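**Q** Below is one structure. I have some questions about it.
FYI, it's all coordinate maths here, none of it is from the lab. Only a predicted model underlies this, so the values are computations on that prediction, with no experimental measurement involved.
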């Protein structure tokens, strides 16, 4: 779960990271910027984000939701890929090729950057630029 922080910008978020997480998070941040340049860096929902799309939340409100976001969790780093190609979440579609990671529908979790297959992550990011969005369920869609 997200640990509440006092950051209001990506820079403040990175400055508040534990020292051991700063280098890997900075690497992922730069990797996203280089490989998905169409996703503008933003800060929202307590984490750095990249790009946004309109999303109807559970309250039926239309909000801007990040296409990609990253978070430093207690035991791992998460990359959230809120993108769908056809009817399949892109992160889930490529989970077998992403490396020594744990993948949910739209979340890639890992302990070390070295565990990620960066070539596949690059593919996932480029697809996220092209197909932003989430599968809407009957409750909120």
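**Q** In deg cm²/dmol, rounded to 500, what helix-only [θ] at 222 nm does the chain give when every DSSP H run of at least 4 residues adds -39500 (n - 2.57) and the total is split over its residues?
**A** After summing the helix terms and dividing by residue count, I get -8500 deg cm²/dmol.
**Q** Once Rg and Dmax of the Cα atoms in Å is worked out from the coordinates, which option in (1) 15.1, 53; (2) 18.5, 61; (3) 14.4, 42 does it equal?
**A** It is the one labelled (3).
**Q** Can you tell me which of 18, 41, 66 moves the most in a GNM of the chain? Springs connect C-alpha atoms under 10 Å apart.
**A** Result for the chain, Cα springs under 10 Å: 18 fluctuates most.
**Q** Separate question: Take the Cα coordinates of region 21-99, assign each an equal point scatterer, and use the Debye formula without solvent to give log10 I(q)/I(0) at q = 0.11, 0.20 Å⁻¹.
**A** -0.32, -1.03
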